[in-house]
Amino acid sequence: MLAEVDLVLDCTGSDVALEALAQAPFPVPRIFSSVSVGFRARRTFVFVARADRFPREAFLEAVRPWLRQEAHEAEGRSEVAEGAGCWSPLFPARLDDLWIAAAGAVKVLEEKVLSPSAAELIVLEQQPGASFAGLRRVPGTEVPCG
């Protein structure tokens, strides 16, 4: 089903889906991306790689410290719903925050499709404060992985 595509975009948050993409080699390298959001959708994680299969280990290595930080920031919060993805009404984020995350991810994907590296994690973060000030790339996160 994916043999003719140039870009494989995963937004499932599913380890099973990423494992399947890592197990299935493609005859020609293509661009793989995994996009996800953190607690309350304050951060957006955009992983992009050009490869013949999804580089799961590079992805996990890059995202693991961020997942630990997200878990720490969510500790003791009553709105955390274990296992609820961003598609769920139980997910602790507003729809407008998810739209902002999606828009930021599309901008990064467009940039990376035009000049992809081997594997890279880009972290976007909403600016803190009482007034919305947009997304920023977290400095130091655009480091090649793997």
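No value in this document is a laboratory result; all are computed from the given coordinates. None of the values given here were measured: they were computed from a predicted structure. Counting neighbours? That spans all protein chains shown, and the Cβs are built from the backbone with ideal geometry, glycine included.
Between A103 and S131, the contour length at 0.36 nm per residue exceeds the alpha carbon distance by 8.2 nm. Take 103-109, 93-99 and order them by the average number of nearby Cβ atoms within 10 Å per residue, most first; the result is 103-109, 93-99.
Can you find, among C11, A105, F54, the residue farthest towards the positive end of the dipole of region 7-144? Put +1 on the C-beta of Lys and Arg, -1 on that of Asp and Glu. So the residue furthest toward the plus end is A105. The slack between H72 and T12, meaning 0.36 nm per residue of separation minus the straight C-alpha distance, is 19.4 nm.
Of the residues F45, F26, F32, the one with the fewest other Cβ atoms within 10 Å heads the list, and the complete ranking is F26, F45, F32.
Across region 7-144, counting alpha-carbon atoms alone, Rg and Dmax equal 15.0, 50 Å. Note that region 106-112 has calculated 3J(HN,Hα) couplings of 4, 4, 5, 4, 4, 4, 6 Hz, one per residue in order, obtained from phi through the Karplus relation 6.51 cos²θ - 1.76 cosθ + 1.60 (θ = phi - 60°); glycine and proline are x.
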